[in-house]
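The next block holds one structure in the form of structure tokens; read it before the comments.
The values are calculated or read from the model by the stated rules, or taken from the named source; none is laboratory data. Please read these numbers as outputs of a predicted model, since none were measured by experiment. Here the Cβ positions follow ideal geometry from the backbone for every residue, glycine too, while neighbour counts run over all protein chains shown. These accessible areas exclude ligands, DNA and RNA; they are computed on the full protein's heavy atoms, side chains included. Shrake-Rupley method; radii C 1.70, N 1.55, O 1.52, S 1.80 Å.
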Amino acid sequence: MKTLTSSNVSEPFKKDYELNNILIVGATGYIGKNLIDRLQKKKCAIRCLVRNANSLKGNLPNPPQIIRGDLLDLESLKNAFKGIDTAFYLAHSLDVKNDFEKSEKIAATNFAIAAKTENIKRIIYLGALGNSTDCPLSPHLKSRKEVGVILRDSGVPVLEFQASIVLGSGSLSFEMIRALSERLPVMLMPKWVMVKAQPISVHDVMEFLLQGIDCKINQNEIVEIGGQDQFSYRDLIAEYCRQRNLKRLLIPVPVLTPWLSSLWLGLVTPVYASVGRKLIESIKNTTVVESEKAAQFFPSIKPMSVSQAMKAAIDEIEED
Ligand SMILES: NC(=O)c1ccc[n+]([C@@H]2O[C@H](COP(=O)([O-])OP(=O)(O)OC[C@H]3O[C@@H](n4cnc5c(N)ncnc54)[C@H](OP(=O)(O)O)[C@@H]3O)[C@@H](O)[C@H]2O)c1
């Protein structure tokens, strides 16, 4: 394993021994931004590692400390973990065009080295559900699992949450469902959109992440999290249209590969073309909760149904 050698530039972090000192990596992403909002109400000191400080704007009552760094550059992580108790790994490289698996491996390895060097107490990682019993894991899901393995190999205790589709305004999967349903009066439904997932509201994801900071775990723990229902993308589109009173024709078709579908997605919703393709490839894998650990470790969290989660997401959009 490589070790950290020389220093990079950052402000000193005043560790508060009364508080939980938290590092968020992936703070500018969908999950990261939501987490910063929720952490504002908790007693903790927050530091965010970001590549571009401008992407973390907002009027927060307790602005987090910002450190500039890139997971692909080990040197730049040197000061990020100093004084930290718990570090959240919420980064992923869906937007990397070539060899994103390699980028994700390097990113996780550098994070693991830096976390171990400072002997932090816990890593919390939000990864992905998915099993390969029906078909091999997509490169995206495989890479998410490998990141978990790399983090666990660091020797720092890791709490890995695994989730399927996250429902909330701004979540990529939800926004794709919204864009397609709002635009297309007729939608072709290939077989793979019938594959079961277990969507979860972003509000429930936040509860798990927050309680994950203090909950008692063994050295390493993988906790699968999901909402009350198992829904396919087809069911989700139908539910979205029901709640929005949209009359849409969903026509089952025998063949339309994920690859062709992603080309079509790029035409209909160009903004999701590059990242949507990796997500679509993952839909062919069942992503449902199989273990009961979530209820054992977090008995007070009662996840929402799809209908409640969808309503909350639509309400948020309307409020905005
Ligand atoms: N959203 C969902 O529906 C969903 C569902 C299940 C699981 N998850 C998991 O939740 C986690 C977070 O997902 P998300 O949807 O919030 O992702 P996201 O919105 O795409 O954000 C990804 C984050 O990673 C950061 N990042 C990427 N490469 C980096 C690098 N080299 N150095 C530093 N930061 C880097 C990005 O920073 P920049 O702003 O600089 O690009 C961004 O903050 C992922 O592990 C994902 O698998 C998400």
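Nearest 0.05, what FRET efficiency do LEU249 and ASP95 give at R0 = 30 Å with Cβ-Cβ as r? Given R0 = 30 Å and the Cβ-Cβ separation, E is 0.35. Helix 258-268 versus the longest principal axis of the chain: what is the Cα-based angle in degrees, 0 to 90, to the nearest 10? In the chain, helix 258-268 runs at an angle near 90 degrees to the longest axis.
Over segment 40-111, the Kirkwood radius and the radius of gyration, each from Cα atoms, give a ratio Rg/Rh of 0.99. Over 31 Å apart at the Cα level, from the set LYS42/LYS284; LYS247/LYS284; LYS41/LYS82, are LYS42/LYS284. Averaged over its residues, segment 134-218 has an accessible area of 34 Å² per residue, based on protein heavy atoms and a 1.4 Å probe. What residue among PHE88, VAL288, GLY266 has its Cα farthest toward the positive end of the dipole of the chain, where the charges are +1 on Lys, Arg and -1 on Asp, Glu, each on the Cβ? Farthest towards the positive end: GLY266. For segment 48-169, the Stokes-Einstein estimate of translational diffusion at 4 °C and a viscosity of 1.567 mPa s comes to 83 µm²/s, using the Kirkwood hydrodynamic radius over alpha-carbon pairs.
What's the local net charge at GLN219, with K and R +1, D and E -1, over the other residues with C-beta under 14 Å away?
Details: positive: LYS116, LYS121, ARG122, ARG152, LYS216; negative: ASP153, GLU160, GLU221.
Result for the local shell: +2.
On alpha carbon coordinates alone, what is the Rg over Rh value for the chain, Rh being the Kirkwood radius?
On the way: Rg = 19.7 Å, Rh = 20.4 Å.
Rg/Rh for the chain comes to 0.97.
Helix 139-152 sits at what angle to the longest principal axis of the chain, using alpha carbons and giving 0 to 90 degrees rounded to 10? So the inclination is approximately 20 degrees.
Would you mind calculating the gained length between ILE106 and ALA179 on full extension (0.36 nm times residue separation, minus the Cα-Cα distance), in nm to one decimal? Display every interim value, and only then the final one.
Values: separation 73, 0.36 × 73 = 26.28 nm, distance 3.33 nm.
Fully extending the segment from ILE106 to ALA179 adds 22.9 nm.
If you look at the Cα atoms of segment 94-226, you get an Rg and a Dmax of 16.9, 55 Å.
Surface composition of segment 144-183: carbon plus sulfur atoms hold 49% of the accessible area, using a 1.4 angstrom probe and ignoring ligands, DNA and RNA.
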